[in-house]
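First the structure, in the form of structure tokens, and then the observations on it.
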Amino acid sequence: MSELRKDPVTGDWVIISPERARRPTDFVKEAANVPGSPGACPFCPGNESMTPPEVLTLPERTPADGAGWQVRVVPNKFPAVEAVKALSGSAGGLFERLDGLGAHEVIIETPDHGATLAALPESAIESVLQAYQARARELQSDKRFPYVLIFKNHGSEAGATLEHGHSQLIALPLVPRRVQEELEGARAYFSRRGRCVYCEIIEKERAAGKRVVLENEDFIALAPYASRFPWEIWLLPRRHRSRFEEASESERAGLARALKGALAALNKRLSNPPYNLVVHSAPHGEASDDDYHWHVEVMPSLSRVGGFEWGTGVHINSIPPEEVARNLRELKDLRPGDRSPKAKPEDA
């Protein structure tokens with residue numbers, strides 16, 4: 001029988017429908033891919049002139065826009081938003097607007113055209129995360145940008161237009177609605193209970209084990225209780241932290257290890273599925289240190305959003321998160337150091 005579950009942070013409802021649950025292989029689509037070839041790829045070494053001038057490379061080197069990089073960050077050639085000298089618009093009326101102010105950058109994750117994020121060594125994933133942090137800190141120094149969203153589209157069905165592994169970053173003059181809902185929900189929970197809702201989720205999920213995919217000293221990966229999408233996974237720091245860009249070097253290493261393990265498990269179960277990855281962090285300058293907990297959400301693109309979802313805002317998920325976590329825990333090749341706890345049958 002299907003059931004409705006309420007997200008403990010935002011209060012959003014989802015429908016978990018076991019009747020629609022299918023075998024893991026039934027979710028397998030054609031492996032994530034997008035058009036492109038190394039010879040024409042603007043993100044490959046030797047083609048640096050095909051992109052706008054870089055704003056960051058790891059390792060740092062001179063001359064700029066040349067060879068020798070492992071991670072390279074450039075402005076998006078076709079930005080959704082872009083920097084302007086002053087912000088204008090109209091507020092307070094029925095129809096509000098702002099100029100398309102912001103910054104839109106591309107983080108090229110590797111010089112290897114065919115390498116996926118899951119296939120990179122942990123040290124290389126750490127470098128990608130380091131680039132995320134460096135650019136977020138730099139852009140947040142501009143007070144016009146209260147929010148910086150880091151995200152990744154993997155595969156054409158998830159929105160990627162180039163095959164070469166890359167992530168993106170968009171700095172905005174506002175806090176997006178989804179993040180604002182999380183902030184408000186976390187703040188309300190803290191006001192009622194005196195502690196972070198995400199910390200409470202981690203504590204209860206570790207005790208039960210049923211929805212935990214893997215964990216290490218610094219991070220836990222779990223299938224969220226009110227998962228909106230089939231095979232959705234969250235990665236959260238086990239110690240309370242409100243801002244991703246303030247994560248320590250050891251925490252960055254823990255995230256790299258957990259992220260590699262989670263993505264590799266999804267790849268093995270679902271044959272390299274298309275997915276979206278987002279980093280949700282507290283807005284710069286907002287007093288959210290006690291109540292908000294930054295995290296990474298990985299959402300495979302395996303089902304379509306239809307009229308019911310658009311009309312109600314209620315997602316229908318055809319595979320329970322408990323089944324997702326159990327399937328991924330069963331894999332024998334989780335990353336060394338990652339523990340895959342056994343669920344306690346009596347726990348809800």
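Nothing in this text is a laboratory measurement; each read-out follows from the coordinates by a stated rule. If you're wondering where the values come from, they're calculated on a predicted model, not measured in any experiment. So basically every Cβ, Gly included, is an ideal-geometry build from the backbone, and we count neighbours across all protein chains shown.
Values computed for the structure shown
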read-out	value
Radius 13 Å from Cβ of R61, net charge of other residues (Lys, Arg +1; Asp, Glu -1)	-3
Anisotropy class of the stretch 157-225 from Cα gyration tensor, a/c 1.5 cut	oblate
Distance (nanometres) between label positions extended 7 Å along Cα→Cβ at D290 and E96	2.7 nm
Stretchable slack from Q180 to R137, in nm (0.36 nm times residue separation minus alpha-carbon distance)	13.5 nm
Net charge of Cβ neighbours under 15 Å - reference Q180; Lys, Arg +1; Asp, Glu -1	-4
In sequence order, calculated HN-Hα J values of the stretch 186-191 (Karplus, 6.51, -1.76, 1.60; Hz; x Gly/Pro)	5, 5, 5, 5, 4, 5
Charge tally in the Cβ shell below 12 Å around E105, where Lys, Arg are +1 and Asp, Glu are -1, E105 excluded	0
Distance in nm between pseudo-label sites at A80 and E19 (7 Å out along the Cβ direction from Cα)	3.6 nm
For H315, distant residues with modelled amide H under 5 Å away	I15
Estimated inter-spin distance, E60 and K6, nm [label 7 Å along Cα→Cβ]	5.0 nm
Under 5 Å, built H, 5+ apart or other chain: amide partners of D12	D7
Amide H within-cut-off set for Y147, under 5 Å, with H built and near neighbours excluded	L172, L174
